[in-house]
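**Q** Here it is: the structure, laid out below.
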Amino acid sequence: MAGGGSGDGEEPEFQIAPMIDVLLVLLVFFISISTTEILQTVKGITLAVAKDAKQPEPGKGAGQVIVNLQWDEAADRGKVIISEREYNVNEITDILQRAHEKDPTMRVLVRADRTTKYEFVRSTMVAVSRAQIPNITFSTVDKDDPNAAKK
């Protein structure tokens, strides 16, 4: 054999096993991220309808804190739920301040049940503003779900 060639002119073999490993790692990563987002929502919240609602811009704020608001008609009071734990509206300012210190680009995503009274939503927004978080987003749906009452 003259020259330092690779042999008989054969093409190199394509190694599929390392590619599958990388794809599986990515799949697990994306599943874990999406599961975390899903777990932070509270079942039983029927979101308000906003026909002109838009998706938030991707990449705006690295993280978010999901604040779920429910109204208890029997007790005539609201509930604030963050990470599956119930808080008083006055307690969430400190929680949000600590999260904001860790990530200054974070946003607060408010998921309020459509039966929640305006005064309670307003007091939640005041608590967020006391934490000095400028980015507040409201979660809504773009059309009414006829099955929403059954959830």
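**Q** Which numbered condition in (1) modelled with pLDDT of 70 or more; (2) not in a loop (DSSP other than H, G, I, E, B) is the only one that residue 37 fails?
**A** All conditions are met except number (1).
**Q** With 74, 112, 131, 99 as the choices, which residue is free of Cβ contacts under 8 Å to residues at least 12 places away in the same chain and among the hydrophobic types (A, V, I, L, M, F, W, C)?
**A** Selected residue: 74, the only one of 74, 112, 131, 99 that is free of Cβ contacts under 8 Å to residues at least 12 places away in the same chain and among the hydrophobic types (A, V, I, L, M, F, W, C).
**Q** Can you tell me which residue within segment 98-131, out of those that are over 20 Å from the mean Cα position of the chain (by Cα) and hydrophobic (A, V, I, L, M, F, W, C), is farthest from residue 77 (Cα to Cα)?
**A** Of everything passing the filter in segment 98-131, 126 is farthest from residue 77 (Cα to Cα).
**Q** Quick check: is even one residue across segment 93-105 at pLDDT 90 or above, within 15 Å of residue 138 (Cβ to Cβ) and either out of contact with any Ser or Thr (no Cβ under 7 Å at 6 or more places or on another chain) or not aromatic (Phe, Trp, Tyr) (or both)?
**A** no
The values are calculated or read from the model by the stated rules, or taken from the named source; none is laboratory data. This structure is a prediction, so every number in the text was calculated from the model and none was measured. We place every Cβ from the backbone using ideal geometry, glycine too, and count neighbours over all the protein chains shown.
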